[in-house]
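Accompanying notes for the structure given below.
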Amino acid sequence: MWELQSDWYSPTRLNSNPITQYDFPGDRFIPNRSLMDLDQARSLLSNRTTPNRNSNFNEVYRKSIEDKLTLDSEGNPFRMLVFRGSPKSNRKSIRCVDLMRQDEAKELDGNGKHHEPRRLPKGEARILDAPNIRNDFYMSTMDWGKNNVIAIALGKDLFLWNAENREVHKLLQVDDLNDFPSSVAWSQDAKTVAVGFRRSKLQLWDAETSKLVRSLENHKDRIASITWNGHTLTSGSRDKSIINHDVRAGSNVTCRLRTHTEEVCGLKWSGEGNVLASGGNENLLYIWDSSKMNSQRFLFRLKDHRAAVKALAWCPYQSEVLASGAGTKDGCIKIWNTKKGTCIKSIATEAQVCGLEWNRHHKEIMSGHGYSASELIKNQLCLWRYPSMEKVGSLNRYTSRVLHLSQSPDGLTVVSAVADGSLRFLEVFGPPSIDKSRISPLDGLLSLKISPIR
């Protein structure tokens, strides 16, 4: 026989008599049958006619319990658990669920059809005239701001084109016969337009008031590339230097780099703002850590390209991945891991790479091309699938090279500035698709299309 120990049973009433002995103690989860009255339990389950009443409860208490279980708060009959067959009206609700499943299936699959492979559109959504655009590979004279306004330099003038109301506004005009805008970039808040000039000036313009805010004169030659990182404006020049400007400070220059040996024609800050990529006409690509730039120390110097590195674009879904494109003698698009300084992928396009734009909604990248030894390859737009870099398609309809690429704030439309004096809009990047392979088990359970539960 076992004697009951105080910690073997959780109900305190079992320990009320320490002399009580049991032939088997059990535990708190597995009941001890020696504590049960199996004969009484059998009688209660089998006898349906004579109600068994506990002598400890009087009629008043029993009546109160019955009222609580059978009447609601207003005294109307109520039953907590009722088992009955499904009424005929449930047929309607089942049909509604079926219709909802069909609607969701159409939404996921695109009107009930499977997704077709991605491809380039057959034609442009819009074409605008861009007379006097300068046919210069090294300059960057177009940018599409987050305010949905395109800033573009045409000859000696800089124009703003509003994509929503289609209004055109001339922001500035250069009077100097030997000067003109050579680079353009919107600030991240789309309130300021930075403009670099052939004769080394760098100006900041208020887009709303069309007034010159500030003029910076720290370079000695043409400014071909500029890029923003918060309040820091970074400029690259034909004087071979890169300058970081704090546009809020009176003494604006915070850092000056003199590592490139030829014109700096490509600049781009990463999305997180901690890494800068710079490309030069000496065929080199440099990767800079923002915290180490004052020491003139770069993270990596990449020598794989064989021509001027102008086209730079950071991947929007892998912060350490950078795409670069170079001039005619190289004609390659290279994908880099900037944390390791290694080339992940290299594609020989056999044409001058003038611009690169990542698709934020699908894993793709678009390239704009210029000169090539082959008539079939030059002056085209190409769409590449990432990370395989397989070509999705190309547009060969242009008679002149594609100089610049930029995309709309929603990431659905790409505009190309072509040397024939036109801006061409392609709705190529959207809309976003639903990747059913990434649906979580919980999402699948809650989905009317996937879950069999009605």
Could you please give the count of residues in the stretch 335-368 that are surrounded by fewer than 21 Cβ atoms within 10 Å (Cβ to Cβ) and not β-branched (Val, Ile, Thr)?
14
Could you look through the stretch 168-198, keep only residues that are over 20 Å from VAL247 (Cα atoms), outside any strand (DSSP E or B) and not aromatic (Phe, Trp, Tyr), and pick out the one that is most open to solvent (accessible area, probe 1.4 Å)?
LEU177
Name the residue that is farthest from LEU177 (Cα to Cα), counting only residues in the stretch 136-160 that are aromatic (Phe, Trp, Tyr) and open to solvent by less than 30 Å² (accessible area, probe 1.4 Å).
TRP144
Lone qualifier among THR399, THR413 - being under 23 Å from LYS146 (Cβ atoms) and open to solvent by 20 Å² or more (accessible area, probe 1.4 Å)
THR413
For the stretch 228-236, state whether one or more residues are touching a Gly at 6+ places or on another chain (Cβ under 8 Å), in contact (Cβ under 8 Å) with a residue 60 or more places away in the chain and assigned by the TED database to the domain that holds TRP144.
yes
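Select, from TYR398, TYR371, the only residue that is at pLDDT below 95 and either within 23 Å of GLY155 (Cβ to Cβ) or in contact with a Gly (Cβ under 8 Å, 6 or more places away or on another chain) (or both). Walk me through how you get there before you give the answer.
Values: TYR371 fails: at pLDDT below 95.
So the residue among TYR398, TYR371 that is at pLDDT below 95 and either within 23 Å of GLY155 (Cβ to Cβ) or in contact with a Gly (Cβ under 8 Å, 6 or more places away or on another chain) (or both) is TYR398.
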Out of the residues in the stretch 240-263 meeting the condition of being among the hydrophobic types (A, V, I, L, M, F, W, C) and not in a strand (DSSP E or B), tell me which one is farthest from TRP288 (Cα to Cα).
ALA249
ILE133 assigned to a loop (DSSP other than H, G, I, E, B) and either surrounded by 21 or more Cβ atoms within 10 Å (Cβ to Cβ) or touching a His at 6+ places or on another chain (Cβ under 7 Å) (or both):
yes
Note on LEU299: of the conditions (1) open to solvent by 50 Å² or more (accessible area, probe 1.4 Å); (2) modelled with pLDDT of 95 or more; (3) out of contact with any Gly (no Cβ under 8 Å at 6 or more places or on another chain), unmet is (3)
I need a count of the residues in the stretch 156-180 that are small (Gly, Ala, Ser) and touching a Lys or Arg at 6+ places or on another chain (Cβ under 7 Å).
0
If a residue must be under 14 Å from ASN379 (Cα atoms) and either in a loop (DSSP other than H, G, I, E, B) or in contact with an Asp or Glu (Cβ under 7 Å, 6 or more places away or on another chain) (or both), how many such residues does the stretch 391-433 contain?
12
Selection from the stretch 208-239 of residues within 14 Å of ALA185 (Cα to Cα) and part of a loop (DSSP other than H, G, I, E, B) yields GLY230, HIS231
Can CYS332 be described as open to solvent by 10 Å² or more (accessible area, probe 1.4 Å), in the same structural domain as ASP420 (by the TED database), modelled with pLDDT of 95 or more and not charged (D, E, K, R)?
yes
Strands (runs of 3 or more DSSP E) wholly inside the stretch 264-348 containing at least 2 residues that are aliphatic (A, V, I, L, M) and either under 26 Å from the mean Cα position of the chain (by Cα) or farther than 25 Å from LYS363 by Cα (or both):
264-269, 275-280, 285-289, 309-314, 321-326, 332-337, 342-348
Tally of residues being farther than 16 Å from ILE152 by Cβ and charged (D, E, K, R) across the stretch 166-197
5
Output the residues belonging to the stretch 341-368 that are closer than 18 Å to PHE300 by Cβ and touching a residue at least 12 places away in the same chain (Cβ under 8 Å).
GLY341, CYS343, ILE344, LYS345, SER346
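The values are calculated or read from the model by the stated rules, or taken from the named source; none is laboratory data. Note that the structure is a prediction, hence the values are computed from the model and not measured. Backbone-built Cβ (ideal geometry, glycine too); neighbour counts: all protein chains shown. The area values use the complete protein model at the heavy-atom level, side chains included, leaving out ligands, DNA and RNA. Shrake-Rupley method; radii C 1.70, N 1.55, O 1.52, S 1.80 Å.
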